[in-house]
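The values are calculated or read from the model by the stated rules, or taken from the named source; none is laboratory data. Please read all numbers here as calculations on a predicted model, not as lab measurements. Reconstructed Cβ throughout: ideal geometry from the backbone, glycine too, with neighbour counts over all protein chains shown.
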Amino acid sequence: MRILLANPRGFCAGVHMAIDVVDQLLDLLPGEPIYVFHEIVHNKHVVERFRERDVTFVEDVNEAPEGSIIVFSAHGVSPAVREIARARRLTSIDATCPLVTKVHAEAIRYARQGYQILLIGHVNHQEVAGTRGEAPDAIQVVETTADIPKLFIKDADKLVYLTQTTLSTDDAEVIISALQEVFPNIKAPPSSDICYATTNRQRAVRQIAPECDLVLVVGSKNSSNSLRLTELSESEGTPGKLVDDVSEVDHSWFPTGEETVLVTAGASAPEYLVAELCRTLLDRHGGTIELRDVVHEDTYFDMPKTLKVMMRAKGMDPKERQIRITSPVVTAELYGAAPLTIGASG
Ligand code: SF4
């Protein structure tokens, strides 16, 4: 088997920061109950690992006892959720990804300027619920082009579109073009709302998938950007499978055992799951791994201010504690393959 390992893959800066927030709190306040509103990131393994450490995940802020500590997940929350937390005297630690906060800020700004906002995204996604909550009277969600005729538009010259951060860049383009056709004066956000991590992971799949027999995406079923990677590989003509971990791999997907397989991971999938999957494939089928560098990432987000204040109060220096990880380290030992070649793609 020939495994092509996509770079970038897996954790993005927002996910690193959000997971680090909960890890730091567990160290800072041993034994104290910690509540997280919604899954901290959309990954089954990450959430289970925190549950084992007695973190409680809630889907309603009212479930957190008065005065307790609550972490808002990377996907962001609406002002209404923040208000409930304030009323219940919760200590809120905001682990919202700054790139989601950027979209919230755009929504607030355009709504204040009197724009109607068309938010392109998945109506039931946590992030869309949070952004929509910033200006509920001004925002309408567009999930597909079929939603366009149902929109209620007061003034077609005072319209702007924004997008969820984890959309397929290709699908978003189709919806944006359809909107521009119907509303030629619709305004675009100042820069793309689809984040760098989503864009780069999709770019790597678009570039490498055509030379593969199969694309394996490590990620959970509720992870928007992981699902988009699987769909993208299918649209490039290569079957794509989304697996939470190696236990979900069906070896009948490799009838000869000599296939070329692209392995990648959604932005919320931990690297150890990728390494485990590669080791298992190579143990069973033999072969090589080539690392394909498509984009180098070095984005990093600082931890939330509230957490830093809490750390200083306990005599800890946030600078010393913050973990700064960018691309995963790939070694033959970890991935179970020698020779392991490292080369640029395309
Ligand atoms: S996928 Fe993008 S928007 Fe979401 S947490 Fe990562 S960097 Fe932030």
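Here are a few things to note about the model shown:
- Test: residue in region 90-97 that is closer than 23 Å to V295 by Cβ, modelled with pLDDT of 95 or more and either in contact with a helix residue (DSSP H, G or I) (Cβ under 6 Å, 6 or more places away or on another chain) or away from the ligand (no atom under 16 Å from the Cβ) (or both): yes
- Annotation for region 149-158: no member residue is in a strand (DSSP E or B), farther than 14 Å from I194 by Cα and away from the ligand (no atom under 15 Å from the Cβ).
- Residue that is farthest from the chain's Cα centre (by Cα) [pool: residues in region 172-204 that are within 16 Å of the ligand (Cβ to nearest atom), among the charged types (D, E, K, R) and farther than 24 Å from Q113 by Cβ]: R203
- Residues that are more than 16 Å from the ligand (Cβ to nearest atom) and closer than 17 Å to V15 by Cβ, drawn from region 246-274: Y272, L273, V274
- Against the test of being of a type outside the set (F, W, Y), touching a His at 6+ places or on another chain (Cβ under 9 Å) and within 16 Å of the ligand (Cβ to nearest atom), the options A6, A74 yield a single qualifying residue, A74.
- Conditions (1) farther than 15 Å from L216 by Cβ; (2) without any contact (Cβ under 8 Å) to a residue 60 or more places away in the chain; (3) under 27 Å from the mean Cα position of the chain (by Cα); number of the one not met by R279: (1)
- Residue in region 207-227 that is surrounded by fewer than 17 Cβ atoms within 10 Å (Cβ to Cβ), assigned to a loop (DSSP other than H, G, I, E, B) and more than 15 Å from the ligand (Cβ to nearest atom) present: yes
- Sole exception among (1) within 30 Å of T288 (Cβ to Cβ); (2) more than 15 Å from the ligand (Cβ to nearest atom); (3) among the polar types (S, T, N, Q) for N43, by number: (2)
- For region 111-129, taking the residues that are away from the ligand (no atom under 15 Å from the Cβ) and in contact (Cβ under 8 Å) with a residue 60 or more places away in the chain, the one that is farthest from L159 (Cα to Cα) is identified as L118.
- Selected residue [outside the structural domain of G219 (by TED's automatic domain parsing) and modelled with pLDDT of 90 or more] from D245, D317, D293, D250: D317
- If you check S233, S268, S223 for being within 18 Å of M1 (Cβ to Cβ) and not acidic (D, E), only one passes: S233.
- Taking every residue in region 169-196 that is among the polar types (S, T, N, Q) and pairing it with any residue that is part of a helix (DSSP H, G or I) and more than 16 Å from the ligand (Cβ to nearest atom), at least 6 positions away or on another chain, yields no pair with a Cβ-Cβ distance below 6 Å.
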